[in-house]
Amino acid sequence: MRETTASPVGFTTKSDDKMAEKESILVVKNLTKHFKTSFGTVHAVDNIEFDVRFGETFGLVGESGSGKTTTGYMIMGVYTPTSGRIVFKGQDISVHVVKRPKSIKKDMSIVFQDPASSLNPSKTIKEIVGLPLKVHGLVKDNVELNKGVEELLEAVELPPERFMDTLPGDLGGGEKQAVAIARAIATHPSFVVLDEPTSALDVSVQAKVIKTLMKLQQELKLSYLFITHDLSLMRNVASRVAIMYLGKIYEYAPAHLFFHNPVHPYTKMLLSSVPVLTDEEETSKPRDVKSTGEVSSAINPPPGCRFHPRCPFATTICKVKEPEFVMIEPEHYVACHL
Amino acid sequence: MNKARLLRIIRLSKIIQSRRLEFAKRMWYRFSRSKLSLVGLVMAIVSILTALLAPWIAPHPEDVTKITHFERKFQLPSLEYPLGTDDYGRDIFSRTIFGFQYSLMMAAVVLVLVVPVGVILGLIAGTRKGLIETVIMRVADIFIAVPALVLALAICSVLTPSVFNAMMAVSLMWWPWYTRLTYHIASSLKNEYFVQAAELIGASSFHIMFREILPNCLGSILTKVTLDVGWVILIGSSLSFVGLGAQPPTPDLGTMVAGGGQYMPDFWWVSIFPAVAIAFIIMGFNLLGDGVRDMFTE
Amino acid sequence: MTEQLLEIKNLYVGYKTYRGTSKVLNGVHLSVNTGEKVGLIGESGCGKTTTMKTILRILPANAVIQNGEIYFRGKDIQRMGKNELNELRRTYIAMIFQDPTAALNPVFKIETQLADVIKSSHAHESRTEELNAKCIRLLKEVALPDPERVLDSYPFQLSGGMRQRVCIAMALATPRYLLIADEPTTNLDVTIQDQVLHLIKDIVEKRKLSVILISHALGTVRGFVDKVCAMYAGEIFEVAETEKLFSDPLHPYTKGLLESTPRLTGGFSEGIGGRVPDYINPPLGCRFHPRCNYSLSICKKEKPPFIDIEGNHSVACWLYNKK
């Protein structure tokens, strides 16, 4: 069922801009990032747009090279966008983090993928978690600092007496990530980017970390941008999902539609490759697309639809023209010529 | 402050103590894995103690001054003069002990000057890219390009030879190595997630340089400092050997070796014992340096 | 007739550290028959890699084998001399590691590395054309497109999936009996994971190899192996046929593990509380008891023995072993 061509963020005119910004904490429009390297220009992210609404978990799914991490880093300000806009709570923040006002830095934070290298190995947990408190002047002296850190560690279920003065090297992966989360929520931000927060963790620890994240989201009314390649995990955390391939978004839908009614061939390919445990899940996977080929290089992306070299349904137009977004059902958009 | 709070603080400080102890134990285990490192530690401690306690353990402390006892010259090692006497009749043992003091003092002064300057420049170059980085590193390159000893010789021969000038010359050619070392570590650490996290939180550059990156460089820096003690002493002794450092009658080990050279091989003990002393100090600190490096490796 | 290819009996292995000697493997029993595919699942730090390294005797210097034997085709591996051991590593047992980038030497072309492997076991076949032909055949077998180009490349010019395929080709360069795959697809993208797993499956079936497939992701072993061993804290706690283990897990740890895995259709649980034990001072009795919701008083005191529940489903747990 196809309806009017519309941009996935739901607005096409300037007046809709204002309306969308009221319910969205973060809006990304025409966001592009090209890196110049000695091999050529890497088209990491090309002209994507989406929004994250207050209090929701927005999922960004894709494999390596899809540009999802680059997108997260641009939102945080680690990279400056080549073009496009990032609007946070109505304010344009499309600049590098050093140029951003301190109040923005206080309001947004990130949890990195690798817990081991996201914590300074020569600093104690207290120093690591206490840093944001000190930088933003949230504590006046050492006593308040201790108290603040204790509260944060308790919030992520790490007993402070055991963990305050340890070094990261003595912690397990899940505990390190819990510390990273404690650090991320230290300034009571309203928005957190979660870049593959559990990819490096075992499954039993992952469950605990995810539960902690969900609990914190409820308590502190956080909005999350959840980046991962693990679809089973995404199913359980995100309310809306967008799938990226080679720098572009190809499908965009609320979670249950994304998984039950996937439309784009790449989405189907990804879903069909997920290793699952039960027959029930096995039968829910799409049958008509099997995974083939390798992910192309982002340096010279294929013309037209970037997925066409691997797509079993590719036609001549796919090789030439980039597809535009079409609305399948409310809130469900797909960019594909089919 | 109520009782519960007080108890909590006491318990926390006990935990801190035990963690520090834990840390020390781990470092010691890594250090002592190699027997040679322990030997080096002993040798280094002996050298340092000798240097510190020189005035009290030297049997003839007056022999380091302009005094002469020509009637006792060239005596073989004996109980009275354990290492014999030199061409001026002075007790070599006492002079060697004071020689330890001079050499180690020189090493200490040079390193205290060179390390902070070199490390800070390296940190700045490593964390701030662009013009500053280029300027600092190219200047360091220039100093490294000139052969160390040649530079020191050149400087010393232009200025009046003295211990002070020798130390200045050595310092001038030594600092770039620390800059390079710190620069390389800082550059690679700059891309680590924890540095980015600090940046994103909004920490100042000062904080990032000194509180995030520097602690992770300390291992390599400390290892280098320990090994450098030996090198500085060697270079310093070489300068004295050719007459450009300490002047007689200063009991510098290099000067002593030089002074006794002409009496070889008849009165061998005048040169040999100071030379052995130099070798002892350098060997000790080298072995110690290996151990320090092991401390920072798993 | 199925012959027992590999048998690990009562293996105890530890590592020397500054706090003392750790006791990591706590009596591991594992057997693989000819033509059998065995999955070893367990989370990081449970000792799976240690076990595999002990088989091939590539443990680090501070490792101590405290007890136990490993038999390969009836011969005790610990007692093997240098020549026998080399033969074991070259021709009988092959290993594929988790990180293909680390397993390949970055300064040599693929051609050199592949040829080295072939030459090491067939010293007489050193003529270049024959070698080259053999290399190309191997690369075709692992479904690498354009084998000549791959041979002429350096590892950094290939993608992760291609590197892993090269590693598989290297592992299969000589006829083998047993393939040990240590998390072969964990570092790869999901769609590539699927392809590489299918590839390994095809090759194993074609060559009738026995396999030990190690993973911490449960879904990876499903649909591939005949039986699964669940490992925790240096012990194997449950062994069962694949489908049986996933549909009817007995041990609380296996149950917890399955429950914590997020479902594609929605839903997953709390995870397993607590952390992996300190191997210097491991818990007495059953090593899982501090984290177990169903622990009994005997669990704290005595280590549960491994018993058969119903043909081919064994578990080491006091819940199923009323004394």
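No lab work stands behind these numbers, since they all come straight from the coordinates. On a predicted model such as this, the values are computed, not experimentally measured, just so you know. Virtual Cβ from ideal backbone geometry, glycine too; neighbours counted across all protein chains shown.
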Could you tell me how far the Cα centroid of region C:143-158 sits from the Cα centroid of region B:157-230, in Å? 43 Å
State, to one decimal in nm, how far the label point of C:R57 lies from the label point of B:V42, with both points 7 Å from Cα in the Cβ direction. 3.7 nm
Determine, from the Cβ-Cβ distance of C:S247 and C:E3 and an R0 of 30 Å, the FRET efficiency 1/(1 + (r/R0)^6), rounded to the nearest 0.05. 0.50
Report, in whole Å, the centroid distance computed from the Cα atoms of region C:1-70 and region C:206-230. 17 Å
Across region A:203-338, how many lysine pairs, 8 or more apart or on two chains, come within less than 22 Å at their alpha-carbon atoms? 11
Using Cα pairs under 8 angstrom and six or more residues apart, how large is the relative contact order of region B:36-295, in percent? 27 percent
Go ahead and set up a Gaussian network model of chain A, Cα springs under 10 Å, then flag whichever of A:A255, A:A207, A:A298 fluctuates most. A:A207
Using only alpha carbon pairs under 8 Å that are at least six residues apart, calculate the relative contact order of chain A and give it in whole percent. 22 percent
Integer Hz, Karplus 6.51/-1.76/1.60 couplings in order for region A:62-74, x for Gly and Pro: x, 8, 5, x, 7, x, 5, 5, 4, 4, x, 5, 5
Residues whose built amide H sits under 5 Å from the amide H of A:N47, excluding neighbours closer than 5 in sequence, are A:L31, A:T32, A:K33
Report the label-to-label distance for A:V95 and A:H256 in nanometres (one decimal), using points 7 Å from each Cα along the Cα→Cβ vector. 4.4 nm
Can you give the FRET efficiency for B:V242 and C:R207, using 1/(1 + (r/R0)^6), R0 = 51 Å, r = Cβ-Cβ distance, to the nearest 0.05? 0.10
Per the Cα gyration tensor, chain B corresponds to an equivalent ellipsoid with semi-axes, largest first in Å, of 43, 27, 15
Taking Cα atoms, how many degrees apart are the long axis of helix B:92-127 and the longest axis of chain B, rounded to 10 and kept between 0 and 90? 30 degrees
At C:Y320 and B:K3, where each label point lies 7 Å from the Cα along Cα→Cβ, what is the point-to-point distance in nanometres? 5.3 nm
Counting helices only, and only those DSSP H runs with n ≥ 4, report the 222 nm mean residue ellipticity of chain C as the sum of -39,500 (n - 2.57) divided by its residues, in deg cm²/dmol to the nearest 500. -8500 deg cm²/dmol
Between region A:53-101 and region A:155-177, what is the separation of their alpha carbon centroids in Å? 29 Å
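Return the calculated 222 nm mean residue ellipticity for chain A, to the nearest 500 deg cm²/dmol, obtained by summing -39500 (n - 2.57) across DSSP H runs with n ≥ 4 and dividing by the residue count.
Working: 14 runs with 122 residues, N = 338.
Value at 222 nm, helices only: -10000 deg cm²/dmol.
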Size of region C:15-77 along its principal axes in angstrom, Cα-based, largest extent first? 43, 27, 18
Within region B:162-193, which residues have the backbone N less than 17 Å from the label spot 7 Å out from B:T134 along Cα→beta-carbon, could you tell me? none
Calculated FRET efficiency, C:E84 and B:A145, Cβ-Cβ r, R0 51 Å, to nearest 0.05? 0.35
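Pull up the DSSP beta bridges for the protein assembly as shown and report the antiparallel fraction as a percent, rounded to 5.
Close to 60 percent.
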For chain B, what does the helix formula give at 222 nm: sum of -39500 (n - 2.57) over DSSP H segments with n ≥ 4, over the residue count, nearest 500 deg cm²/dmol? -25000 deg cm²/dmol
Please list, or write none, the lysines whose alpha carbon is within less than 18 Å of the alpha carbon of C:K37, excluding same-chain residues fewer than 8 places away. C:K48, C:K201, C:K206, C:K208, C:K227, C:K244
Could you work out, residue by residue across A:206-213, how many beta carbons of other chains sit within 10 Å of that residue's beta carbon, and then give the average as an integer? 4
Using Cα-only point scatterers and the Debye equation, what is log10 of I(q)/I(0) for chain A at each q in 0.06, 0.14 Å⁻¹, rounded to two decimals? -0.22, -1.16
Projected onto the charge dipole of chain C (+1 at Lys/Arg Cβ, -1 at Asp/Glu Cβ, origin at the Cα centre), which of C:V32, C:L188, C:N62 gives the Cα projection farthest towards the positive end? C:N62
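With +1 on the Cβ of every Lys and Arg and -1 on the Cβ of every Asp and Glu, and nothing else charged, how large is the dipole of region B:36-295 about its Cα centre, in debye rounded to the nearest 20?
Dipole of region B:36-295, to the nearest 20 debye: 620 debye.
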Taking Cα atoms, the helix A:173-185 axis meets the longest principal axis of chain A at an angle in degrees (rounded to 10) of 80 degrees
Would you list, by chain and number, the lysines whose Cα falls below 21 Å from the Cα of B:K14, excluding same-chain residues fewer than 8 positions away? A:K123, A:K126, A:K147, B:K3, B:K25
If you fit an axis through the alpha-carbon atoms of helix B:214-241 and take the longest principal axis of the Cα set of chain B, what angle between them do you get, 0 to 90°, nearest 10? 10 degrees
Who wins for biggest fluctuation among B:L53, B:L214, B:L121 in a Gaussian network model of chain B, springs between alpha carbons below 10 Å? B:L53
Taking chain A as a Gaussian network, Cα atoms linked when under 10 Å apart, which of A:D141, A:D92, A:D230 shows the biggest mean-square fluctuation? A:D141
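Can you pull the semi-axes for the protein assembly as shown, root of five times each eigenvalue of the Cα gyration tensor, sorted largest first, whole Å?
58, 37, 31
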The size of the Cβ-based charge dipole (Lys, Arg +1; Asp, Glu -1) of the protein assembly as shown about the Cα centre, to the nearest 20 debye, is 1000 debye
For chain C, calculate the relative contact order in percent as a whole number, restricting contacts to Cα pairs under 8 Å that are 6 or more residues apart. 21 percent
Can you tell me the dipole magnitude for chain C around its Cα centre, using point charges on the Cβ only (Lys, Arg +1; Asp, Glu -1), in Debye to the nearest 20? 880 debye
